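J.: Below you'll find the structure I mean.
The values are calculated or read from the model by the stated rules, or taken from the named source; none is laboratory data. All values derive from a computational prediction rather than experimental measurement. No Cβ is skipped: glycine too gets one built from the backbone with ideal geometry, and neighbour counts run over all protein chains shown. All accessible areas refer to the heavy atoms of the entire protein, side chains included, with ligands and DNA or RNA removed. Shrake-Rupley method; radii C 1.70, N 1.55, O 1.52, S 1.80 Å.
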Amino acid sequence: MVINVGTRTDIVNCYTEWLFRRFREGLAYSRNPLFPDKVISYRLSPNEVDAVAFTSKNYAPALSRLHEIYSCYRTYFHYTITAYGKDLEPNIPDIPTSVDTLKALVRLVGKEKVAWRYTPILLSKTYTEERHFETFEYLCDRLARYIDRCIIGFIEMQPHLRTSMPKTVVLTAEIKRRIAEKLGKIACKYGIPVQICGNNADYSDYGVKTEGCLTLDILGKANGCIFKNMPHKGNRRGCSCIESRDLGWYDACPNLCKYCFSDKKRDDVAKNRALHDPASPLLIGTLKDTDELIQGVQHSFLRSGGNQMSLFDL
């Protein structure tokens, strides 16, 4: 089983104490988004978790204690750094600060465990194609020696975003192709492997691979272990990553990025934040009398009973 820390909620940046307490106590709960009265319990001991996959826009709050997790668990870290300013990412550090934090993270865990996410790509009067190209090259120049790969992705204009961001440019297939081509060339110039995840178009002619951004192959190479050859179901439509168990919750991320897919009811973020208890196994709130607590299925993806293997075992 892979534990996911960050897809629904930037837990590293916004709920740091809760994160470390969960791993220290070895237990976390997660509500079922479709049936909120059903709560799934996950055991977090190192011998029951194949890997912990992080996603964050700011690892600074966790750096001093991150060893508590990476010293005991297989890990992989996605670090999102975009071209956007406070107008779209009001609670995210500026680009130079984010670059410095990524470098500090790499000094702790190694570049083979860190991927840079330049996503979602959106266009507006402020954030033009040229601005993206300039910012992307600026970042490639500073991050090339510190990252395993770069993952790009285009914004999906869900219904709530069409209301909150009506001036965002509609990305046609031709616009996406043009952007992918340019970013692919820039990444190649700096020797950075670049890919796109959850996309039906083929940009391989521009050096942009279409594959999962969190696969067992990626986790295995980063952590020096071998996983089973098994299908990757992903966590959403079009995703080709290995499925994982997310500890976050919707409408609970205080980053308040305007384009966020998981904060659909932004007024609820403050309400949910007020319900957060660092001592609760649930990220938001506590277990209710009406909740049904279910032990989550925790199958291992590792070969040979979960023990790390050497090449001589093949």
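J.: I'm spelling it out carefully: the read-out is log10 I(q)/I(0) by the Debye sum over Cα atoms at q = 0.09, 0.13, 0.14 Å⁻¹, the candidates are (i) -0.50, -1.02, -1.16; (ii) -0.55, -1.02, -1.12; (iii) -0.45, -0.99, -1.16, and one was derived from this structure. Which label?
T.: (iii)
J.: Turning to a different aspect of this structure: Taking the Cβ of Cys14 as the centre, find all other residues whose Cβ is under 12 Å away and add up their charges (Lys, Arg: +1; Asp, Glu: -1).
T.: Charge balance in the 12 Å sphere: 0.
J.: So, one more: Quickly rank 207-213, 250-256 as a protection proxy: mean count of other C-beta atoms within 10 Å, highest first.
T.: Numbers: 207-213: 18.6, 250-256: 20.3.
Per-residue mean Cβ counts within 10 Å order the peptides as 250-256, 207-213.
J.: Name the long-range amide H neighbours of His78: under 5 Å, sequence gap of 5 or more, or other chain; modelled H, no Pro or chain starts.
T.: Phe54, Thr55, Ser56, Ala115
J.: Per residue, how much accessible area does region 243-306 show when a 1.4 Å probe rolls over the protein heavy atoms, in square angstrom?
T.: 54
J.: Enter the accessible area of Tyr206 (Å², nearest 10), with the probe set to 1.4 Å and all protein chains included.
T.: Spelled out: Tyr206, probe radius 1.4 Å, area about 60 Å².
J.: Could you pull out every residue, at least 5 positions away or on a different chain, whose amide H is within less than 5 Å of the one on Lys228? Hs are placed 1.01 Å off N in the peptide plane, and Pro or chain starts have none.
T.: Leu302, Arg303
J.: Continuing with this model, one more query. What are the ³J(HN,Hα) values, in whole Hz, obtained from phi via the Karplus relation 6.51 cos²θ - 1.76 cosθ + 1.60 with θ = phi - 60°, for each residue of region 180-188 in sequence order, with x given for Gly and Pro?
T.: Ordered by residue, 3J(HN,Hα) equals 4, 4, 5, 5, x, 5, 5, 4, 4 Hz.
J.: Just to check I understand the Karplus step: with θ = phi - 60° and J = 6.51 cos²θ - 1.76 cosθ + 1.60, what whole-Hz values come out for region 34-43, glycine and proline as x?
T.: Values, residue by residue: 7, 10, x, 7, 9, 10, 9, 9, 10, 7 Hz.
J.: Next question. Ranked highest first by the average count of other Cβ atoms within 10 Å around their residues, in what order do 48-57, 134-143 fall?
T.: 48-57, 134-143
J.: Amide H to amide H, which residues 5 or more places from Lys209 or on other chains are under 5 Å from it, using H placed in the peptide plane?
T.: Answer set, sorted by chain and number: Val194, Gln195, Ile196.
J.: Distance from the Cα centre of region 72-121 to that of region 182-239, in angstrom?
T.: Each part's Cα centre sits 17 Å from the other's.
J.: Follow-up. What is the chain's relative contact order, in percent, from Cα pairs under 8 angstrom and six or more apart in sequence? Display every interim value, and only then the final one.
T.: Working: 565 pairs, mean separation 76.0, N = 314.
Reported relative contact order: 24 percent.
J.: Under a 1.4 Å probe, what is the accessible area of region 91-134 per residue, stated in Å²?
T.: Counting only protein heavy atoms, the per-residue value for region 91-134 is 43 Å².
J.: At 222 nm, what value in deg cm²/dmol follows for the chain if DSSP H runs of at least 4 each add -39500 (n - 2.57) and the sum is divided by all its residues, to the nearest 500?
T.: The helix-only estimate for the chain comes to -8000 deg cm²/dmol at 222 nm.
J.: Quick one: work out the % antiparallel among DSSP beta bridges in the chain, nearest 5.
T.: Looking only at bridges with both residues in the chain, the antiparallel portion is about 15 percent.
J.: Greater than 19 Å separation of Cα atoms is the criterion. Which listed pairs, Lys125/Lys258; Lys57/Lys271; Lys111/Lys228; Lys264/Lys288, meet it?
T.: Lys57/Lys271; Lys111/Lys228; Lys264/Lys288
J.: Here's something else I'd like to know. Report, to the nearest whole %, how much of the accessible area of the chain belongs to carbon and sulfur atoms, 1.4 Å probe, protein only.
T.: 51
J.: Still on this structure: For region 166-179, just list the computed ³J(HN,Hα) in residue order, Karplus coefficients 6.51, -1.76 and 1.60, θ = phi - 60°, integers in Hz, with x standing in for Gly and Pro.
T.: Karplus-based 3J(HN,Hα) across region 166-179 equals x, 8, 5, 5, 6, 8, 6, 4, 5, 5, 4, 4, 5, 5 Hz.
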